Amino acid sequence: MRLYNTLGRKKQDFIPVNDNKVSMYVCGITAYDLCHIGHARSSVVFDVLYRYLRHTGYDVTFIRNFTDIDDKIIKRANEVGKEAGDIAEKFINEFYVDMDKLAVLRPDIEPKCTEHIPEMIALTEHLIGKDHAYSTPSGDVYFKVRSFEGYGKLSGRNIDDLESGARVDPSEEKQDPLDFALWKSAKPGEPSWESPWGLGRPGWHLECSAMSEKYVPLPLDIHGGGQDLSFPHHENEIAQSEAATGKPFANYWVHNGFVQINSEKMSKSLGNFFTIRDILDKFLAETLRYFLLTMHYRSPLDFSFDALEEAEKGIKRVYAALAQVDVELEKSKWKKSPFPEELVTEFDEIEKSWKEAMEDDMNTAGALGHVFSAIRLAGRIAEDKNLRKSEGGRDLFIRIQENMKVWGSVLGIFERVPAEFLTELRDNRAARAGIDPAKVQGLLDARKDARKNKDFEKSDAIRDELAAMNVEVKDTPQGATWDVA
RNA sequence: GGCGACAUAGCCAAGUGGUAAGGCAGAGGUCUGCAAAACCUCCAUUCUCCGGUUCAAAUCCGGAUGUCGCCUCCA
C-alpha cells in the first residue's frame with residue numbers, strides 16, 4: 001500500500017518495521033465536550049485504515065488515547081461545578097456512544113493520560129537528564145526546543161521563523177519563547193499529581209510520547225491525527241520522543257483533512273460546528289459514515305445537510321441494488337444458458353480497481369466509484385430476462401454479493417441486510433419529512449382494494465393524495481411499497 | 001509577515017506523464033393500467049489563466065489569479 005507521509009510530503013510505499021506487524025497510534029479526543037463531525041471524520045478515516053491494514057493481512061496494534069486532563073477539561077469542570085475526572089469520564093462515554101453508532105471499531109489499546117502519570121514523569125526526568133529540558137522555580141518543566149536539531153521537520157518550519165512569531169506569556173519562565181511545557185505546576189484547586197517538581201500535571205504533548213513508547217516499540221509505523229495536530233502537537237511529540245530515545249518516533253505520519261462549513265474550517269473556536277448528535281438526530285449514522293468516505297481523506301470536506309442528502313441517495317441506491325440481488329438469489333432454479341464472458345471480465349476489472357484505489361493512499365472515494373460500477377453491473381444482469389435466470393448470472397450475483405461484503409467490512413458500510421436497511425432509511429426520511437407511516441399504510445391498503453376492483457380512478461386519487469404528503473408509491477409484484485419523494 | 005495546501009462538467013468528486021472514474025441533477029428510451037424503482041443511451045476535445053519542458057501534460061517546471069489552512073486550544 002502507498003501512504004502519503006506528511007514527513008516528506010509525498011506518497012511512499014508502506015513498509016512496516018516488523019514484517020506484518022503494524023503499530024499505529026492516533027491522537028484521540030480531549031474529553032470535555034460532545035464530538036463534532038471533525039472528530040467523526042478523523043475517527044472514521046483511521047478506522048478504515050485500521051480495517052484495511054487488517055484486511056490485507058497485517059497484525060495491527062492500534063492505539064488511540066484519551067486526553068482526560070487538560071485546561072479545557074478543568075475549565076469545563078469549573079463551569080458546571082464538577083470534578084475534572086467526572087467531566088472526562090462523561091464525555092468519554094458519550095464518545096463511545098457516537099463511535100459505536102458510526103461503526104468505528106475499538107482500538108486495541110485506549111490509554112488515558114491520567115493513568116500514565118508515572119511514565120510521563122519518568123520521560124520528563126529522562127529529558128532533563130539529557131539536558132533537553134529544564135525545570136523552573138515555580139515547578140514547571142519545559143522542553144528546550146533548540147536542543148533538538150530536527151525541530152520543524154514534520155511541519156516544514158524553520159526554527160528562526162517560528163522564533164520571530166512566537167508569543168511569550170509573561171507568567172511563563174521559559175528560557176526561549178519556543179520552549180513548550182512538559183509539566184505544569186498546579187494552581188490552587190486544580191487536579192494534580194506529585195512529581196519531583198512539586199504538585200502538577202503533564203503538558204498535552206507528553207502523553208502521546210510516553211504512552212506510545214509504553215505499548216509498542218518505537219518507531220511507530222503509523223502516527224495519525226487531524227491536520228491541525230501536525231503543528232505544534234506532533235512536532236513536539238517528535239522532539240520529545242526522539243530527543244529521549246535517539247530513535248525516529250514514527251515512520252509514517254498520516255493526517256486527515258478538515259471538515260469545513262461553507263469552505264471554512266469547522267471548529268469550536270469559530271463556533272460553526274455540528275456535533276455528531278446534531279447529524280444523527282436527522283440522518284442514519286451509516287449515511288454520515290458513507291458521506292465521510294466519499295471524499296479522499298486528505299481533502300477538505302465541505303459539510304452541509306444538502307450534501308448529506310445527496311450522499312443518502314447514493315447509499316440508498318447501493319442498498320437497493322443489493323436488495324435486488326437478494327431477491328434474485330432466492331430463486332432455486334437456474335438455467336444453463338450462455339452467459340457473456342465479458343461481464344465476468346468486467347467484474348474482474350472492478351475488483352482489481354477497488355483494490356488499487358485502496359492501495360493508493362486509501363482512496364475511498366475512488367473505491368466507492370468502483371462499488372457503483374459493480375452495482376450497475378448487478379442491475380444490468382437483473383434487468384435481462386435471460387441473464388438473471390442463468391447459472392452464469394447466479395454466479396456473478398454471488399460474486400458481487402461476496403465482494404460487497406468484503407468491501408463493506410473494510411469501509412464499515414453496506415453491511416446491513418439490505419431490505420432492513422432500506423426500511424430503516426425510509427422511516428428515517430419519513431420522520432425528517434414529518435410523515436406518519438401508519439397513515440401512509442392505511443391509504444395504501446385502501447388503494448390496494450381499489451386496484452383489486454380495477455378502480456384506477458380511485459387508486460390514482462389515493463396516490464395523488466399520498467404524493468401531496470410527499471409519499472411516492474411503488475407497485476411491485478410483491479405489492480405496493482412506499483418511499484419518501 | 002513566515003510556511004503549506006488546493007483550483008477538474010450545473011453541483012459533489014476520483015484521477016500525479018500516455019490521451020478525463022463515479023455520484024447527484026438533467027434529456028431521451030425500455031418497463032408499467034398510469035407511475036415509481038431499475039436498466040440502456042446521452043451529458044467536460046477538456047481539467048482557473050499565461051508561459052515552458054516533453055513524441056506526449058489535468059498531471060512536471062515558472063509566473064498570475066482565486067480559495068483555504070497552519071504559525072494560539074482545535075480532528
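The values are calculated or read from the model by the stated rules, or taken from the named source; none is laboratory data. Since this is a predicted model, take the numbers as computed values, not measurements. Using ideal geometry, Cβ is built from the backbone for each residue, glycine included, and neighbour counts are taken over all protein chains shown.
With the requirement that a residue be surrounded by fewer than 20 Cβ atoms within 10 Å (Cβ to Cβ) and either in contact (Cβ under 8 Å) with a residue 24 or more places away in the chain or not assigned by TED's automatic domain parsing to the domain that holds A:Asp70 (or both), what does region A:103-113 give you?
A:Ala103, A:Leu105, A:Asp108, A:Ile109, A:Glu110, A:Lys112
Considering only region A:360-374, state which residues are out of contact with any strand residue (DSSP E or B) (no Cβ under 8 Å at 6 or more places or on another chain) and near RNA strand B (Cβ under 6 Å from one of its atoms).
In the first step, residues of region A:360-374 are kept if they are out of contact with any strand residue (DSSP E or B) (no Cβ under 8 Å at 6 or more places or on another chain); the result is A:363-365, A:367-374.
Matches in region A:360-374: A:Asn363, A:Ala365, A:Gly369, A:Phe372, A:Ser373.
Would you point out which residue out of A:Val104, A:Val45 is in a helix (DSSP H, G or I), within 17 Å of the chain's Cα centre (by Cα) and among the aliphatic types (A, V, I, L, M)?
On the way: A:Val104 fails: in a helix (DSSP H, G or I).
The unique qualifying residue is A:Val45.
More than 28 Å from A:Phe303 (Cα to Cα) and either under 16 Å from the mean Cα position of the chain (by Cα) or in the same structural domain as A:Ala250 (by TED's automatic domain parsing) (or both): which single residue out of A:Ile92, A:Ile37, A:Ile87, A:Ile29 fits that description? Talk me through it step by step, then tell me what you get.
Values: A:Ile92 fails: more than 28 Å from A:Phe303 (Cα to Cα); A:Ile37 fails: more than 28 Å from A:Phe303 (Cα to Cα); A:Ile29 fails: more than 28 Å from A:Phe303 (Cα to Cα).
After ruling out the rest, the residue left standing is A:Ile87.
Collect the residues in region A:115-150 that are at positive phi and touching a Ser or Thr at 6+ places or on another chain (Cβ under 6 Å), keeping them in residue-number order. Let's see the steps before the verdict.
To start, the set of residues in region A:115-150 that are at positive phi comprises A:131, A:139.
Passing the criteria: only A:Gly139.
Working only within region A:1-14, note down all residues that are in contact with a strand residue (DSSP E or B) (Cβ under 9 Å, 6 or more places away or on another chain) and either touching a residue at least 12 places away in the same chain (Cβ under 8 Å) or not assigned by TED's automatic domain parsing to the domain that holds A:Lys268 (or both).
Within region A:1-14, A:Met1, A:Arg2, A:Leu3, A:Tyr4, A:Asn5, A:Thr6, A:Leu7, A:Lys11, A:Gln12, A:Asp13, A:Phe14 qualify.
Going by what's in this entry, would A:Val60 be described as of a type in the set (A, V, I, L, M, F, W, C) and in contact (Cβ under 8 Å) with a residue 12 or more places away in the chain? Talk me through it step by step, then tell me what you get.
Numbers: of a type in the set (A, V, I, L, M, F, W, C): yes; in contact (Cβ under 8 Å) with a residue 12 or more places away in the chain: yes.
Judged against the criteria, A:Val60 is a match.
Of the residues that make up region A:214-228, is at least one modelled with pLDDT under 90, assigned by TED's automatic domain parsing to the domain that holds A:Arg64 and part of a loop (DSSP other than H, G, I, E, B)?
Residues of region A:214-228 modelled with pLDDT under 90: none.
No, every residue in region A:214-228 fails to be modelled with pLDDT under 90, assigned by TED's automatic domain parsing to the domain that holds A:Arg64 and part of a loop (DSSP other than H, G, I, E, B).
Taking the stated definitions as given, is A:Arg54 among the basic types (Lys, Arg) and in contact with a helix residue (DSSP H, G or I) (Cβ under 8 Å, 6 or more places away or on another chain)? Can you show your working first?
Values: among the basic types (Lys, Arg): yes; in contact with a helix residue (DSSP H, G or I) (Cβ under 8 Å, 6 or more places away or on another chain): no.
For A:Arg54, the condition - among the basic types (Lys, Arg) and in contact with a helix residue (DSSP H, G or I) (Cβ under 8 Å, 6 or more places away or on another chain) - is not met.
Take A:Ala239 and tell me if it is within 15 Å of RNA strand B (Cβ to nearest atom) and not in a loop (DSSP other than H, G, I, E, B). Even if it seems obvious, please write down each step before you answer.
Working: within 15 Å of RNA strand B (Cβ to nearest atom): yes; not in a loop (DSSP other than H, G, I, E, B): yes.
Spelling it out, A:Ala239 is indeed within 15 Å of RNA strand B (Cβ to nearest atom) and not in a loop (DSSP other than H, G, I, E, B).
Does A:Ile117 satisfy being hydrophobic (A, V, I, L, M, F, W, C) and over 23 Å from A:Gly224 (Cβ atoms)? Please lay out each step first, then the result.
Values: hydrophobic (A, V, I, L, M, F, W, C): yes; over 23 Å from A:Gly224 (Cβ atoms): yes.
Here the answer is yes, as A:Ile117 does meet what is asked.
Check whether at least one residue in region A:471-479 is buried (at least 16 other Cβ atoms within 10 Å of the Cβ), more than 9 Å from RNA strand B (Cβ to nearest atom) and either in the same structural domain as A:Val327 (by TED's automatic domain parsing) or modelled with pLDDT under 90 (or both), and report yes or no.
Taking region A:471-479 first, the residues buried (at least 16 other Cβ atoms within 10 Å of the Cβ) are A:471, A:473.
With more than 9 Å from RNA strand B (Cβ to nearest atom) added as a condition, the list becomes A:471.
From what's left, either in the same structural domain as A:Val327 (by TED's automatic domain parsing) or modelled with pLDDT under 90 (or both): none.
The answer is no, given that none of the residues of region A:471-479 is buried (at least 16 other Cβ atoms within 10 Å of the Cβ), more than 9 Å from RNA strand B (Cβ to nearest atom) and either in the same structural domain as A:Val327 (by TED's automatic domain parsing) or modelled with pLDDT under 90 (or both).
If A:Phe273 satisfies every condition in (1) among the aromatic types (Phe, Trp, Tyr); (2) without any contact (Cβ under 8 Å) to a residue 60 or more places away in the chain; (3) buried (at least 18 other Cβ atoms within 10 Å of the Cβ) but one, which is the exception?
Just one mismatch for A:Phe273, condition (2).
Filter region A:145-162 down to the residues that are within 12 Å of RNA strand B (Cβ to nearest atom), charged (D, E, K, R) and in contact (Cβ under 8 Å) with a residue 12 or more places away in the chain and list them by number. Give the steps one after another, and end with the answer.
Going through region A:145-162, the residues within 12 Å of RNA strand B (Cβ to nearest atom) turn out to be A:145, A:152-162.
Keeping just the survivors that are charged (D, E, K, R) gives A:153, A:157, A:160-161.
Correct list: A:Lys153, A:Arg157.
Return yes or no: is A:Ile381 crowded, with 21+ Cβ neighbours inside 10 Å and modelled with pLDDT under 95? Step through it out loud before you land on a result.
Values: crowded, with 21+ Cβ neighbours inside 10 Å: yes; modelled with pLDDT under 95: yes.
Taking the combined requirement at face value, the residue satisfies it.
Would you mind stating whether A:Gly129 is farther than 29 Å from A:Tyr96 by Cα and either touching a helix residue (DSSP H, G or I) at 6+ places or on another chain (Cβ under 7 Å) or in contact (Cβ under 8 Å) with a residue 24 or more places away in the chain (or both)? Walk me through it before giving the result.
Details: farther than 29 Å from A:Tyr96 by Cα: yes; either touching a helix residue (DSSP H, G or I) at 6+ places or on another chain (Cβ under 7 Å) or in contact (Cβ under 8 Å) with a residue 24 or more places away in the chain (or both): no.
Answer is no for this residue.
Picking from A:Ala382, A:Ala357, which residue would you name as being in contact (Cβ under 8 Å) with a residue 24 or more places away in the chain and either closer than 22 Å to A:Pro477 by Cα or within 12 Å of RNA strand B (Cβ to nearest atom) (or both)?
Working: A:Ala357 fails: in contact (Cβ under 8 Å) with a residue 24 or more places away in the chain.
Going through A:Ala382, A:Ala357 in turn, the sole match is A:Ala382.
Which condition from (1) more than 22 Å from A:Thr67 (Cα to Cα); (2) at pLDDT 95 or above; (3) in a helix (DSSP H, G or I); (4) not hydroxyl-bearing (Ser, Thr, Tyr) is the one that A:Glu163 breaks?
(2)
Among the residues of region A:243-275, write down those that are outside any loop (DSSP other than H, G, I, E, B) and touching a strand residue (DSSP E or B) at 6+ places or on another chain (Cβ under 7 Å).
Residues satisfying the conditions are A:Ala250, A:Asn251, A:Tyr252, A:Trp253, A:Val254, A:His255, A:Asn256, A:Val259, A:Gln260, A:Ile261, A:Thr275.
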